[in-house]
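A quick write-up on the structure given underneath.
The values are calculated or read from the model by the stated rules, or taken from the named source; none is laboratory data. Since the model is a prediction, treat every value here as computed from it, not as a measurement. Neighbour counts are summed over all protein chains in view; Cβ atoms, including those assigned to glycine, are modelled from backbone coordinates with ideal geometry. Side chains included, ligands, DNA and RNA excluded: accessible areas come from the protein's heavy atoms. Shrake-Rupley method; radii C 1.70, N 1.55, O 1.52, S 1.80 Å.
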Amino acid sequence: IKMATPTYELIHTETVATATSSVNFTSIPTDSSCRDFIIVIDGTATSLRPVLQFNGDTGSNYSAVMLSDDSPTYSATSSGTYLDPIPGYAITSRFSATYQVLGSNSADKHKGVLMRVNQHVGDHVHMSSGRWASNAQIVSVKVLTNNGNNYGVGTIISIYKIAG
């Protein structure tokens, strides 16, 4: 049996030209070509957490569990109003983050998200798994901050569909 080799196809990329606390991605494909997608952030920030909301949902429908390289315990959120990859922590300078959204085009199950945030100062790595408690197909994503602080100028946020 030969398996297809998955490829990433860019849906959209945004480079922050003016410091901002949120970037919206609309028109996420919901056909069979986009079963899963990945969001990649590479940038700078001061005292914030990069969080997500799907389809404009600001209800208490997000939960996550995080493991960190600098803590012997884990952090968890339940019934949050956004998907938080690093509850209890804050980005302090340069960072990169990846969110793999699973089953985004499914209309019959909750959506799983695998998340990784790398803080370049202090060389910290945080890994999380999360859930959006909705059966809706994901058609938009808002990349925002947990506290209204801004992403730095030059931060690049991209979204890719996984094809194949």
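Quick notes on this one:
- Residue list for the stretch 141-155, filter: open to solvent by less than 20 Å² (accessible area, probe 1.4 Å) and in contact with an Asp or Glu (Cβ under 8 Å, 6 or more places away or on another chain): THR155
- Scanning the stretch 13-36 for residues that are within 15 Å of the chain's Cα centre (by Cα), at pLDDT 95 or above and open to solvent by less than 50 Å² (accessible area, probe 1.4 Å) yields SER21, SER22, VAL23, PHE25.
- Picking from residues in the stretch 113-127 that are assigned to a strand (DSSP E or B) and aliphatic (A, V, I, L, M), the one that is modelled with the lowest pLDDT is VAL125.
- From the list LEU10, LEU52, the one residue that fits, being open to solvent by 70 Å² or more (accessible area, probe 1.4 Å), part of a strand (DSSP E or B) and of a type outside the set (S, T, N, Q), is LEU10.
This table checks each residue for (1) basic (Lys, Arg); (2) closer than 23 Å to ILE28 by Cα; (3) touching a Phe, Trp or Tyr at 6+ places or on another chain (Cβ under 7 Å).
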{"site": "THR46", "(1), (2), (3)": "no, no, no"}
{"site": "ASN55", "(1), (2), (3)": "no, yes, no"}
{"site": "ASP84", "(1), (2), (3)": "no, yes, no"}
{"site": "SER96", "(1), (2), (3)": "no, yes, no"}
{"site": "GLN100", "(1), (2), (3)": "no, yes, no"}
{"site": "ARG116", "(1), (2), (3)": "yes, yes, no"}
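- Any hit, the stretch 77-85, residues being without any contact (Cβ under 8 Å) to a residue 40 or more places away in the chain, in contact with a strand residue (DSSP E or B) (Cβ under 8 Å, 6 or more places away or on another chain) and crowded, with 16+ Cβ neighbours inside 10 Å: yes
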